[in-house]
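Written below as structure tokens is the structure these notes are about.
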Amino acid sequence: MTPLLAPLELLYGSLVRARNARFDRTPPQRLRWPVISIGNLSVGGAGKTPLVICLADLLQREALHPDVLSRGYGRSSRTVERVDSASSAERFGDEPLLIAQATGLPVYLGANRFEAGQLAERELPSPGIHVLDDGFQHRQLARNLDIVLIHRSDLQQRLLPAGRLREPLSSLRRADVVVLRQEDGELESTLRPYLTSECRFWRVRRTIALKTPVERAIAFCAIARPREFFDGLIAAGVGIVERISFRDHHRYRMADIDRLAKLGRRAGCDAFVMTAKDEVKLDPAMRSRLNAVAPLSTAALTVELEDERAALDLMRKSLIVTAR
């Protein structure tokens, strides 16, 4: 950390404390239907979107009629609206569009998630459950269950702008559930002092798979932790000849695609491999440009709960508890 960032981190920390103190005193807005929030402490890269998809699918299988409420980071539209899964990531944001396409569920967008939830409750035919995407810091909206993903690196991070944390680990006292990757189970003992005695731990398995083998891939992505994507591809048996990463939520332009196509032609690649989050941002012309060099292949990231039944039981119980 540079010396210049130390006072800025202190200032940011004081602002976070003041904001949380204000929310502790102010009753949140309450929707008519229950709310299950999924969030994290750091800026990007914890795996919220795959977990939202996982839990939304689980609730849907149980006929609990979930919808998803999201801010829609990076979208061009600013209205409160429902995502059209046949439209573009530019209009709705990459993650909301991906969630809508992956689950087939209604996804509603709004900087004010209370207004997005109200729209959902007016439009949808049956009472259901709101799944609040990236909701841990959106304390304006009451929730029945607060689920927080923790990435291993969060334990070594500092607050913004010196690090990636939006809130300190002490904020985990608001969490009802902390989600860890299966391989990070030993972190439970480290995190326990920051949690209430009622807080539960869930573990998830994450797997990356491609439909067909790839031996010479141009792998590219625009996500917060690109190294994890590339390492996951290697673990899945993908041979990578070139790795290209863009900033998180990067909006692809044809110049980016031309660069990838030239790299692919020069390397003699047999596929361009990307994440599902990248796939939804490519328009037909971009796809055609890359396919002229080598096929496009999407690496499917699957998240599974280690104990699905226990998670479902807790979510069911939370629905009859007054939202906080």
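Here, each number is a calculation from the coordinates, and none is a lab measurement. Small disclaimer: the values here were computed from a predicted structure and weren't measured. Glycine also receives a Cβ, built like all others from the backbone with ideal geometry; neighbour counts cover every protein chain displayed.
At full extension, residue 246 and residue 24 could sit 76.1 nm farther apart than now, given 0.36 nm per residue minus the alpha carbon distance. Pairs of Lys residues in the chain, spaced 8 or more positions apart or belonging to different chains, with C-alpha separations under 30 angstrom: 9 in total. Where in the stretch 187-226 does the label zone of residue 234 land, with the point 7 angstrom along Cα→C-beta and an amide N cut-off under 20 Å? What the label zone holds, given the 20 Å backbone N cut-off, is 206-210, 213-226.
If you take the Cα centroid of the stretch 140-174 and the Cα centroid of the stretch 191-227, the two points sit 17 Å apart. For the chain, hydrophobic long helices are taken as DSSP H runs at least 18 Å long by C-alpha position along their axis with mean Kyte-Doolittle hydropathy of -0.5 or more; these are 5-25, 48-61, 254-267. Note: the chain, Cα convex hull, 147 Å³ per residue. The convex hull drawn around the Cα atoms of the stretch 1-77, when projected onto a plane and averaged over every direction, covers 8.2 nm². Near residue 132, the amide H atoms lying under 5 Å from its own belong to 36, 37, 38, 69; only residues 5 or more places off or on other chains count, and H is placed 1.01 Å from N. Using the Cβ-Cβ distance between residue 153 and residue 126 with R0 set to 35 Å, the FRET efficiency from 1/(1 + (r/R0)^6) comes to roughly 0.30.
Divided by 2.2 N^0.38 Å, where N counts the residues, the Cα radius of gyration of the stretch 19-131 comes to 1.05.
Counting only Cα atoms, the size of the stretch 74-184 along its three principal axes is 42, 30, 28 Å, in decreasing order.
List the residues of the stretch 29-55 whose backbone N lies under 16 Å from a point placed 7 Å from the Cα of residue 101 along the Cα-to-Cβ direction. In the stretch 29-55, the label zone of residue 101 (backbone N under 16 Å from the point 7 Å along Cα→Cβ) covers 49-50, 53. Label reach from residue 298 (point 7 Å along Cα→C-beta): in the stretch 197-235, no amide nitrogen lies under 11 Å. Just to be sure I understand the curve: with the Debye formula and one point per C-alpha of the stretch 208-302, what is log10 I(q)/I(0) at q = 0.10, 0.24 Å⁻¹? Taken in order of the listed q values, log10 I(q)/I(0) reads -0.21, -1.38.
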